[in-house]
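Peer 1: Just dropping this structure here.
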Amino acid sequence: MLQVYDRVLGSGSEETLVALSILVIFLYGVMGILDYTRGRVMARVGARFQSALDERVFDVVLRKSATAPDARTQSGLMDLEAIQRLLTSPLLMAFFDLPWTPIFIAGIFLFHPLLGWLAVAGSVFLIAITLANQLLSKRPQLKSAQAAQAATRASDQFRTDAEMIQAMGMRTAALRQWQHARRASLAEQIKTTDVGGGFTSLTKTVRLLLQSAMLGLGAYLVLQNEMTAGAMIAGSIMLGRALAPIELMLGQWQLVQRAQSGWHALAALLSAVPPERPHTDLPKPKARLVVKSLIAVPPGESKPALANVGFDLPPGYAMGVIGPSGSGKSTLARCLTGVWAPARGSVRLDAASLDQYAPDVLGTLIGYLPQRVHLFDGTVGQNIARLSANPDAAVVVAAAKKANAHEMILALPDGYDTQIDVSQQRLSGGQIQRIGLARALYGDPVILILDEPNSNLDNVGSQALNTAIREAKADQRSVIIMAHRPAAIQECDLLLVLENGKAVNFGPKDKVLETMVKNHRQIRLASTRDGGVT
């Protein structure tokens, strides 16, 4: 603009105009190539950053979710994605362009000091708006994110239990509860948008006003013969270039705030769960499980759920764990699988404490059937093979046969290749539980831990379960069964009785049951003598 207004129009030289046009085309071409290259570089920087942390964050989320899940844990992967989006966004380019703002302003000073001071005042004002935006929108942004997470959690819960909600006529109540969370989320989003939108509009208005003020002041200086018309136009354009990064940052400041909050949350999450330390490979242990003075405290609580529990389970034996609801049976299962670390005491597998085994190695040594069995998207065979990428078909079938689920699986539409869609589950509870038992038996584990294994089984399924337990004992494995129903402990040799987190009896099954029956009779006789109802 400076050259065209001051040289070309004044001299009428077309050759100069052509030369300037060629130069401008070349420079804009170089700028376009550099911008394209910079975008490609930052896209790969963001992808490399996320790829480098994906495995670590996913591992931390799984480990934390298994022990003490919280909102920070649930958002771990989303926090990582928020940082990656910032790294690949045009907003980050604005940070790289920001150091050029003083250079553009210095160029404006060369045209005239008054134009330079006007540019400085405008820049300072826009920076003040940016800081005010950060301070005033931070809290609404946080509340909006929390409300959105609450609405998402409610939606996921209702979607997971949609069948029960439909069957029990809870659809209207569920809809109202979800709408309450959704409306709260929308209200917070509107507040955040109002704050951010207000600052964005103010910034745009101020920037346009500054450019017009630059033209007005420049025109006055031209009239005073203190500068040329070309400098007036060039100064206005340079001011636009100087303020463009500030306007872009303010317009997308929510992206910065989300990435900033994600960075802090991710740093706290990774600090709370350090990487797994390396473990020395140990030989495959014998199926001997020794628990001494075990005290277990649920994460986030101070009261122990288990207190001074101990037993010795030799290979080839099955032990039943019975007790009323809340007595600590599932807590014991979590400790025996290594999911929860003991607060005190020890759990040893063939003389080695569980933490001496790498988690993936320990998982192959222990077959676990949780109280609520969940399957994953994939085939039946992949679910039995514990989502192995390249499962051995013979091992999968062998595990199904040990669980007496082979014939049941063959009766499915595609047998072991039947696709399971978690969102459209068509298997019965008994079928899911038998597939879960086959998964527990996959890979020849030395210890089987079964938490309420017959809760969804019919008579045929219960007989199949008892057969699987007998075969495991014959193979010199150890079996632990948490049970409410007597049929589940039919094949047990030992019995552990829990009450309020304490072991009140342990020994051979028949002897423990006999003791319990005697105590029950004594209580009944005492109640009769005291005039109680028998």
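Peer 1: Within segment 1-154, what whole-number % of the accessible surface is contributed by carbon and sulfur, with the 1.4 Å probe and all protein chains included in the calculation?
Peer 2: Using a 1.4 Å probe with all protein chains present, segment 1-154 comes out at 70 percent carbon and sulfur.
Peer 1: Let me check something: with ligands and nucleic acids excluded, how do Ser346, Ser293 order by accessible area (1.4 Å probe), largest to smallest?
Peer 2: Final ranking, largest accessible area leading: Ser293, Ser346.
Peer 1: Now, a different point. Taking trypsin sites (Lys or Arg not before Pro) as exposed when DSSP calls them loop (any state but H, G, I, E, B) and at most 13 other Cβ atoms lie within 10 Å, what is the longest stretch of the chain free of them, the sites themselves excluded?
Peer 2: Longest site-free region, per DSSP loop and neighbour criteria: 1-371.
Peer 1: Let me ask you something else. Give me the angle, in degrees from 0 to 90, between the Cα long axis of helix 229-251 and the longest principal axis of the Cα atoms of the chain, rounded to the nearest 10.
Peer 2: For helix 229-251, the angle is close to 10 degrees.
Peer 1: Could you work out how much longer the chain between His264 and Ile190 gets when fully extended? Use 0.36 nm per residue separation minus the Cα distance between them, nm to one decimal. Write down the numbers at each step before the final one.
Peer 2: Working: separation 74, 0.36 × 74 = 26.64 nm, distance 2.49 nm.
In short, 24.2 nm is gained.
Peer 1: Could the peptides 118-124, 12-18, 412-418, 451-457 be put in order, highest first, of the mean number of other beta-carbon atoms found within 10 Å of their residues?
Peer 2: My ranking of the peptides, most packed first, is 451-457, 118-124, 412-418, 12-18.
Peer 1: Helix-derived [θ] at 222 nm for the chain: sum -39500 (n - 2.57) over DSSP H runs of at least 4, divide by residue count, nearest 500?
Peer 2: -20500 deg cm²/dmol
Peer 1: May I pose another question? Using alpha carbons only, how many degrees (0 to 90, rounded to 10) separate the axis of helix 14-67 from the longest principal axis of the chain?
Peer 2: Between helix and principal axis, roughly 20 degrees.
Peer 1: Here's a follow-up. Where does helix 459-474 land angle-wise versus the long Cα axis of the chain, in degrees 0 to 90, nearest 10?
Peer 2: Rounded to the nearest ten degrees, it is 80.
Peer 1: Where a Cα-Cα gap under 17 Å defines reach, which aspartates and glutamates qualify for Lys204, not counting those fewer than 8 residues away within the same chain?
Peer 2: The reachable aspartates and glutamates, counting only those whose Cα sits under 17 Å from Lys204, are Asp194, Glu247.
Peer 1: Estimate the FRET efficiency between Ala411 and Phe58 by the formula 1/(1 + (r/R0)^6), using the beta-carbon distance for r and 35 Å for R0, to the nearest 0.05.
Peer 2: 0.45
Peer 1: In nm, what is the difference between 0.36 nm times the number of residues separating Ala167 and Ala393 and their Cα-Cα distance?
Peer 2: On the way: separation 226, 0.36 × 226 = 81.36 nm, distance 3.86 nm.
Contour length minus Cα-Cα distance gives 77.5 nm.
Peer 1: Once you order the gyration tensor axes a ≥ b ≥ c over the Cα atoms, which shape class does segment 1-115 get: rounded for a/c under 1.5, otherwise prolate or oblate by comparing a/b with b/c?
Peer 2: Taking the square roots of the gyration eigenvalues as a ≥ b ≥ c, segment 1-115 is prolate.
Peer 1: Hey, can you find the accessible area per residue of the chain for me, probe 1.4 Å, expressed in square angstrom?
Peer 2: 56 Å²
Peer 1: Between Asp421 and Glu276, what length comes free when the chain is fully extended (0.36 nm per residue of separation minus the Cα-Cα distance, one decimal in nm)?
Peer 2: My answer for the length gained is 49.0 nm.
Peer 1: Only one of the listed values, [x] 16, 35, 24, 15, 8, 1, 0; [y] 19, 38, 26, 14, 2; [z] 16, 27, 19, 16, 12, 7, 3, 1, 0, was derived from the coordinates as P(r) over Cα pairs in 20 Å bins from 0, in percent; which label is it?
Peer 2: Looking at P(r) over Cα pairs in 20 Å bins from 0, in percent for this model, the match is [x].
Peer 1: Is the shape of segment 446-497 rounded, prolate or oblate, going by the alpha carbon gyration tensor and its root eigenvalues a ≥ b ≥ c, with a/c under 1.5 for rounded and a/b larger than b/c for prolate?
Peer 2: Oblate, because a/c is 1.5 or more while a/b does not exceed b/c.
Peer 1: Any idea what log10 I(q)/I(0) is at q = 0.14, 0.15, 0.22, 0.29 Å⁻¹ for segment 334-392, Debye with uniform C-alpha scatterers and no solvent?
Peer 2: -0.50, -0.57, -0.95, -1.25
Peer 1: In addition: Does segment 162-249 classify as rounded, prolate or oblate by the C-alpha gyration tensor (a ≥ b ≥ c root eigenvalues; a/c under 1.5 gives rounded; else a/b over b/c gives prolate, otherwise oblate)? Can you show the working numbers first?
Peer 2: On the way: a/c = 8.72, a/b = 5.48, b/c = 1.59.
Because a/c hits 1.5 or more and a/b exceeds b/c, segment 162-249 counts as prolate.
Peer 1: Additional query: Looking only at the chain, where both bridge partners belong to it, what percent of the DSSP beta bridges are antiparallel (to the nearest 5)?
Peer 2: If I count the DSSP bridges inside the chain, around 55 percent turn out antiparallel.
The values are calculated or read from the model by the stated rules, or taken from the named source; none is laboratory data. This structure is a prediction, so every number in the text was calculated from the model and none was measured. Positions of Cβ are backbone-derived with ideal geometry, glycine not excepted, and every protein chain shown enters the neighbour counts. Side chains included, ligands, DNA and RNA excluded: accessible areas come from the protein's heavy atoms. Shrake-Rupley method; radii C 1.70, N 1.55, O 1.52, S 1.80 Å.
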